[in-house]
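The values are calculated or read from the model by the stated rules, or taken from the named source; none is laboratory data. This structure is a prediction, so every number in the text was calculated from the model and none was measured. A quick note on method: Cβ atoms are made from the backbone with ideal geometry, for glycine too, and the neighbour counts reach across all protein chains shown.
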């Protein structure tokens, strides 16, 4: 099994519904996202997946989030849906990478880590428990 990793970034605003503290008010972050994918074999060139392809897939997953008010502009975080926490952002990006056609055949997401600020991150692993 091989793991390949790329990083991307996006800027967005959000607030945490039901949170008591500063984060309940509208604020923004310059988010950093790391996507790790797995492949069981290498191609004829010796690659599990081309970094360019993986960066494109991550950029597509982040495009709907970039320069948005997550609570209003992204259906996954609309009122009545999930809170736009760092944990839920990691899950949403993972799910986008796991969608059919998002990654090349034989490549699947392993985990996604999102940093909302230096030193503060959350990772989504689908079968960690």
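So residue 1 passes all but one of these: (1) exposed (fewer than 13 other Cβ atoms within 10 Å of the Cβ); (2) within 21 Å of residue 127 (Cα to Cα); (3) touching a residue at least 40 places away in the same chain (Cβ under 8 Å). Which condition number does it fail?
So the condition that residue 1 fails would be (3).
Show the residue pairs that are 6+ apart or on different chains and have beta-carbon atoms under 9 Å apart, the first residue being within region 91-115 and at positive phi, the second being crowded, with 19+ Cβ neighbours inside 10 Å and part of a loop (DSSP other than H, G, I, E, B).
Qualifying pairs under 9 Å: 106/48; 106/49.
Count, please, the residues in region 92-113 that happen to be in a helix (DSSP H, G or I) and crowded, with 19+ Cβ neighbours inside 10 Å.
Total satisfying the criteria: 5.
It is to be established whether one or more residues within region 10-32 are modelled with pLDDT of 95 or more and closer than 22 Å to residue 127 by Cα.
Within region 10-32 (the criterion being modelled with pLDDT of 95 or more and closer than 22 Å to residue 127 by Cα), the answer is no, since none of the residues qualifies.
Just a yes or no: is a residue in region 42-60 over 25 Å from residue 126 (Cα atoms) and under 18 Å from the mean Cα position of the chain (by Cα)?
no
Rundown of residues vs (1) surrounded by 12 or more Cβ atoms within 10 Å (Cβ to Cβ); (2) in a strand (DSSP E or B); (3) in contact (Cβ under 8 Å) with a residue 40 or more places away in the chain, yes/no style:
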| site | (1), (2), (3) |
| --- | --- |
| 34 | yes, yes, yes |
| 47 | yes, no, no |
| 54 | yes, no, yes |
| 61 | yes, no, yes |
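Quick one: would you say residue 80 is loosely packed, with under 15 Cβ neighbours inside 10 Å, at pLDDT 95 or above and in a loop (DSSP other than H, G, I, E, B)?
Taking the combined requirement at face value, the residue does not satisfy it.
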